[in-house]
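What follows draws every value from the coordinates through simple rules; no lab data is involved. Note that the structure is a prediction, hence the values are computed from the model and not measured. Heads up, the Cβs are rebuilt from the backbone with ideal geometry, glycines too, and the neighbour counts pull from every protein chain shown.
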Ligand code: HEM
């Protein structure tokens with residue numbers, strides 16, 4: 001009975017067919033590869049002025065229209081990615097049932113007709129008769145760890161075996177991994193955001209500045225379903241997103257690699273001491289973050305990404321004063337550059353003459369050399385001090401963050417450098433990406449799938465032993481869906497063993 | 001003794017191996033072949049020792065990091081993995097025919113490091129690179145690169161064996177003419193500030209040719225012949241001129257990374273002297289000419305040594321399958337995981353990432369063409385060679401060409 005197909009079925013059938021074509025996959029792979037090049041040739045996401053320096057205004061207009069300046073997020077590129085994924089998904093769904101039935105199908109003995117169609121087979125005469133031949137074959141199969149079945153009919157025994165059926169799944173695992181990566185990326189774009197936050201030492205914030213707004217929020221607010229929590233700032237054009245908690249930078253430090261005469265100018269690590277507070281101002285936890293070791297809270301991650309000096313702001317010099325003898329940890333003294341403070345425990349006034357960004361003490365002469373650093377990075381902050389008793393200047397000395405020698409400390413206490421605090425900000429990259437675990441699952445499957453796909457193969461092996469007047473004729477036939485050469489090597493070795 | 005002494009020993013062993021493998025091809029004495037293999041094993045052992053020593057040295061300097069993160073180390077490691085893979089192939093396929101091709105590359109690369117006095121200092125790592133992912137990422141990508149290089153060499157040999165017919169000499173002159181005019185046009189357009197147009201044009205031209213080869217390669221043999229000559233001339237020319245450039249260019253006293261990223265080819269192709277640039281291009285054309293016209297002799301010579309074309313095809317597939325997997329997992333996925341742990345984005349479409357992806361797509365295409373459409377032989381070898389050009393571009397071109405395209409800021 002023939003039923004009339006509706007338009008919907010017809011169309012969906014067509015669409016399915018279109019997407020199940022491997023030709024489309026090849027075309028899409030090539031097209032994706034080619035158009036991806038455009039975005040590497042034209043720099044992405046630069047300010048317009050820079051493009052105008054590079055190209056004529058007409059070209060800039062055309063490129064702008066085509067979305068070439070942010071190509072990987074342009075609608076047509078995303079559409080191509082969608083098509084590719086749809087293609088992959090349909091292709092996989094279409095073939096999967098067939099693969100499954102190929103895996104499940106029980107192996108049967110082979111008949112003469114089917115044997116003819118097997119391209120790889122060997123035949124040999126076995127002297128000792130059929131029973132002996134069978135014993136030998138069984139032994140050979142067992143020593144190779146083949147699990148096999150056997151059937152016998154008059155004048156013929158068949159041993160047959162298959163292995164690696166599940167390797168047929170390898171391709172699907174691989175394809176699913178690519179689909180997962182794509183789904184994960186989409187999830188991230190819809191429900192995640194990317195932003196940044198520059199926090200001065202001692203400052204806190206409850207918002208971050210967005211580079212990419214979550215698409216879902218945008219969509220919902222455009223549709224009027226719900227209001228986006230993003231705060232638009234028409235003046236700067238940078239949108240802010242409330243975090244729902246406070247983040248504070250207590251301290252920021254850069255460590256430098258040490259050379260033979262003090263620190264080199266090469267940073268070995270940046271770190272920020274961060275504290276998370278709830279909106280009521282109660283402290284939740286502290287964490288010291290580094291590059292490669294971020295802070296995570298409520299799905300939001302803070303990465304150490306950069307740092308800088310806050311223009312026009314002077315920091316505070318933090319010193320430690322403790323007695324030369326005894327276990328005492330001493331006390332902290334905080335000074336402005338050029339300022340002074342009376343320290344009761346030692347009955348002295350300490351005056352900070354100023355801070356230099358990079359000093360080093362000569363190990364033998366004790367002389368301090370000051371280096372001009374190219375920017376105002378505090379490679380090895382060095383503070384000149386003048387010590388007073390009342391109004392009377394006693395001596396001057398210099399303390400350094402990293403000191404190869406000993407600062408001059410004639411009296412019964414030691415002053416040491418602790419920090420130059422408050423003049424710098426830490427640059428944090430802030431993201432929320434709920435899709436990342438989907439992507440990582442995809443990566444994991446990508447490690448596994450291809451191994452099965454490439455190195456496994458579904459092999460089938462038949463050994464037919466026919467009795468011909470007391471002589472046995474042994475036929476070995478084998479098929480594999482992949483790695484034919486390997487199969488041939490194995491079967492040749494087997495045949496050699498049988499004919500010995 | 002320090003690691004660099006051992007590297008020098010390894011270089012000498014590879015030189016000996018190269019001479020032995022070539023003598024083996026010419027004199028066909030089994031004993032010479034055995035000696036060649038023996039010397040190569042010894043060279044690899046020495047180089048392995050040197051790598052281990054360098055690793056230990058970095059700990060002694062208080063830096064403690066994998067010897068895999070500057071130009072010096074990457075060249076050394078590239079050589080090491082190429083020789084290793086070669087020896088595995090030699091063992092598995094029982095043929096010494098490739099040695100005469102692989103060992104010169106290994107020797108030249110190591111010798112180049114010595115001649116060019118590329119800085120062997122063990123420099124510390126910037127914070128973003130201090131991650132265990134660096135080890136896995138770089139290690140796997142490099143082995144991937146090396147596998148693709150071997151696949152490339154084998155597919156070029158396949159193509160060489162594949163074609164007896166190189167067509168009329170007119171083909172060669174046409175090709176030389178095209179190269180000469182494209183280059184001239186390049187200089188003119190660059191002078192006019194239209195570099196982008198030029199490179200896009202070159203890209204389109206190459207793509208059209210590659211597509212033609214893949215579609216019609218099995219039929220039009222003389223184009224295939226031209227193609228492999230082009231491949232050999234490209235790689236040989238590039239290696240030669242890179243070496244020359246290092247020797248000539250004062251910039252080699254700059255930190256190696258800097259030279260490599262910003263000043264490559266400045267004393268040869270990009271020399272401010274017209275005469276030098278013209279001479280260099282004449283050199284490229286000459287290499288192309290020689291390769292093209294001597295190819296058939298090479299073919300006759302090699303024919304008796306090489307495994308059957310079917311084996312070459314299979315070998316290419318194996319190298320690509322493993323390389324594709326390592327590069328996909330190590331280069332793309334682990335690179336992404338690392339980027340995410342350091343910066344909070346696993347993929348940012350920067351040119352290096354994008355080109356890696358493009359290269360990986362080309363090899364994905366190879367795998368699908370083979371398994372789904374059942375392609376074999378010539379077309380596969382062409383795709384493999386094109387894939388390797390993607391590798392070269394990812395490794396060098398992104399720094400050389402792309403960063404040169406933008407008047408403002410490098411990459
Ligand atoms: C970048 C994305 C892709 C990757 C990484 C990928 C990976 C693979 C791998 C590793 C194989 C196994 C090759 C082998 O048999 O040894 C394979 C086979 C295959 N792929 Fe893909 N693939 C991708 C995209 C696609 C797409 C878009 C299609 C859709 C048409 C497709 C269709 C197939 C088919 C039909 C097979 C053969 C399955 C079989 O042997 O039964 N692939 N793919």
(message) So for region A:316-420, averaging the separation of alpha carbon pairs under 8 Å that are six or more residues apart and normalising by length, what relative contact order in percent results?
(response) 30 percent
(message) Just to confirm my numbers, what's the Cα centroid distance between region B:151-205 and region A:91-142 in Å?
(response) 51 Å
(request) Can you figure out the FRET efficiency of residue A:298 with residue A:448, using R₀ = 30 Å and their beta-carbon distance, to the nearest 0.05? (result) 0.40
(request) Against the globular-protein guess of 2.2 N^0.38 Å, express the Cα radius of gyration of region A:192-302 as a ratio, rounded to two decimals. (result) 1.33
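Against the empirical 2.2 N^0.38 Å scaling, what ratio does the C-alpha Rg of the protein assembly as shown come to?
Scaled against compact globular proteins, the figure is 1.16.
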(message) Whole angstrom only: what separates the Cα centroid of region B:327-405 from the Cα centroid of region B:77-117?
(response) 23 Å
(request) Pop the C-beta distance of residue B:48 and residue A:392 into the FRET formula with R0 = 56 Å and round what comes out to the nearest 0.05. (result) 0.20
(message) Based only on Cα atoms, what mean projected area does the convex hull of region A:316-420 have, in nm²?
(response) 6.7 nm²
(message) Give me the percent relative contact order of chain A, please, defined on Cα pairs under 8 angstrom at least 6 residues apart.
(response) 20 percent
(message) If I model a spin label as a point 7 Å beyond the Cα along the Cα-Cβ vector, how far apart are those points for residue A:211 and residue B:274 in nm?
(response) 4.6 nm
(request) Report, to the nearest 10°, how far helix A:436-455 tilts away from the longest principal axis of the Cα atoms in chain A, using its own Cα long axis and a range of 0 to 90°. (result) 40 degrees
(message) I want the antiparallel fraction of DSSP beta bridges within region A:316-420, as a percent rounded to 5.
(response) 95 percent
(request) Specify the angular offset, from 0 to 90 degrees and rounded to the nearest 10, of the alpha carbon long axis of helix A:130-143 from the longest principal axis of the alpha carbons in chain A. (result) 0 degrees
(request) Convert 20 °C to kelvin, take the viscosity as 1.002 mPa s, use the Kirkwood radius over C-alpha pairs of chain A as Rh, and evaluate the Stokes-Einstein diffusion coefficient in µm²/s, rounded to a whole number. (result) 69 µm²/s
(message) Run the simple label-point estimate for residue A:142 and residue A:120 please: 7 Å along Cα→C-beta, distance reported in nm.
(response) 2.6 nm
(request) Would you mind ranking A:167, B:155, A:21, A:364 by Cβ crowding within 10 Å, fewest neighbours first? (result) A:364, A:21, A:167, B:155
(request) Determine by what factor the alpha-carbon radius of gyration of region A:388-500 differs from 2.2 N^0.38 Å, reporting the quotient. (result) 3.01
(request) Starting with the fewest neighbours, write out B:90, A:386 ranked by other beta-carbon atoms found within 10 Å of each beta-carbon. (result) A:386, B:90
(request) Please determine, in degrees from 0 to 90 and to the nearest 10, the orientation of helix A:75-104 with respect to the longest principal axis defined by the Cα atoms of chain A, where the helix direction is its Cα long axis. (result) 40 degrees
(request) Report the Stokes-Einstein translational diffusion coefficient (µm² s⁻¹, integer) for chain B, Rh taken as the Kirkwood radius over Cα pairs, at 4 °C with viscosity 1.567 mPa s. (result) 58 µm²/s
(request) Can you grab the distance from the C-alpha centre of region A:17-49 to the C-alpha centre of region A:187-255, Å, no decimals? (result) 31 Å
(message) Please compute, for peptide A:31-40, the average count of beta-carbon atoms on other protein chains lying within 10 Å of each residue's beta-carbon.
(response) 6
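For the residues B:239, A:446, what sequence is obtained by ranking on other C-beta atoms within 10 Å, fewest first?
So the residues, fewest neighbours to most, are B:239, A:446.
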(request) Evaluate the distance, in nm, between pseudo-label points positioned 7 Å from the Cα of residue A:499 and of residue B:188 along their respective Cα→Cβ axes. (result) 6.8 nm
(request) As a check on your grasp of the helix formula, calculate [θ] at 222 nm for the protein assembly as shown: sum -39500 (n - 2.57) over DSSP H runs of n ≥ 4, divide by the residue count, round to the nearest 500. (result) -17500 deg cm²/dmol
